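Each remark here refers to the structure printed beneath this line.
The numbers here are math on the coordinates, done by the rules we state, and not lab data. The model shown is predicted, which means the values in this text are computed figures rather than measured ones. Quick reminder, even Gly has a Cβ in these numbers, built from the backbone with ideal geometry, and neighbours come from all protein chains shown.
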Amino acid sequence: MSLPQKITVEVSQLPKLKNPRLVCGLPGSGYVGKLAVDYLIDELKGIQFANIFSSSFPPQVMIQSDGTTDLMKNTLYYCKYKTNDIVLLTGDAQPVSPESEYAMAEEITKICEKLGVETIYTLAAYITGTFSKTPKVYGTSTSLQVVNEFSKQGVFTMNSGSITGMNGLLIGVGKTKGITGICLLGETSGYVVDAIASKAVLEILSKMLGIKLDMTSLNKKAQDTEKLIRTIEEQMGQRPTGEQLPMSQQDKKLGYIS
């Protein structure tokens, strides 16, 4: 492999899939999306088929569990599942500049076109600055028909603000290629790795995808998040219900996502 000047996609073998949907979860606030997709990869026994390298990722290498190092990358997996197969996208980082984010979104949606993906789901964080034991799941879509179904699925429709980074661009660029885009956003403080928010998003996503998941291991992570939140609340002298932590008025108004 030559050092990537822009974006390099290495595909071991392009899988033949049946009505696939793409689910994306990249690092961001609270790691809400990444935790969820990494869980799906383990639970559904995802098979890796592509790596995406880019010089737009942060200038560092990742240390592996065996002590070796590797360039930062995004990775694609596929899972065979009854009527609709699933493609999962996770990674070490998001691109660090607007231009590279657009280029990465274009590259990923090209892969989606080759695979026949009709719907892209991105999983993200809805930052509130407040700890919540029962986080809400917010949503937006490039399809009004999908939006109109949100209330039946327990999703709170977003009607303002913006979605930053790949979580927004993927569904936006996908729309230009005729691919329906849906972004599900777990309510989170933005201060901790939030497995509770990840679980809330997965519960909604699993219904949309028509899949059954064993949440046992994720429940354990959610309990760990609860313990961490209680510790922080105690240290800050907060009540168990939690008061809102300092946050700029602009951020409160936007409720934006990263």
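Is there a residue in the range 69-81 that is among the hydroxyl-bearing types (Ser, Thr, Tyr) and not in a strand (DSSP E or B)?
Yes, because at least one residue in the range 69-81 is among the hydroxyl-bearing types (Ser, Thr, Tyr) and not in a strand (DSSP E or B).
Restricting attention to the range 66-76, does a residue exist that is of a type in the set (A, V, I, L, M, F, W, C), crowded, with 19+ Cβ neighbours inside 10 Å, farther than 25 Å from residue 187 by Cα and in contact (Cβ under 8 Å) with a residue 60 or more places away in the chain?
no
When you check residue 184 against the structure, is it touching a helix residue (DSSP H, G or I) at 6+ places or on another chain (Cβ under 8 Å) and either in a strand (DSSP E or B) or over 28 Å from residue 115 (Cβ atoms) (or both), yes or no?
Answer is yes for this residue.
Within the range 99-112, can you find the residues that are over 24 Å from residue 30 (Cβ atoms), aliphatic (A, V, I, L, M) and surrounded by 19 or more Cβ atoms within 10 Å (Cβ to Cβ)?
111
Among 122, 134, 109, 130, which is the only one that is within 24 Å of residue 41 (Cα to Cα), polar (S, T, N, Q) and not in a helix (DSSP H, G or I)?
Going through 122, 134, 109, 130 in turn, the sole match is 122.
Quick one: count up the residues across the range 113-132 that are more than 30 Å from residue 228 (Cβ to Cβ) and surrounded by 24 or more Cβ atoms within 10 Å (Cβ to Cβ). Spell out how you get there, then give the answer.
Pass one, the range 113-132, residues more than 30 Å from residue 228 (Cβ to Cβ): 113-120.
From what's left, surrounded by 24 or more Cβ atoms within 10 Å (Cβ to Cβ): 120.
Result for the range 113-132: 1.
Could you tell me which numbered condition residue 159 fails, if it satisfies all but one of (1) of a type outside the set (Asp, Glu); (2) in a helix (DSSP H, G or I); (3) in contact with a strand residue (DSSP E or B) (Cβ under 9 Å, 6 or more places away or on another chain)?
(2)
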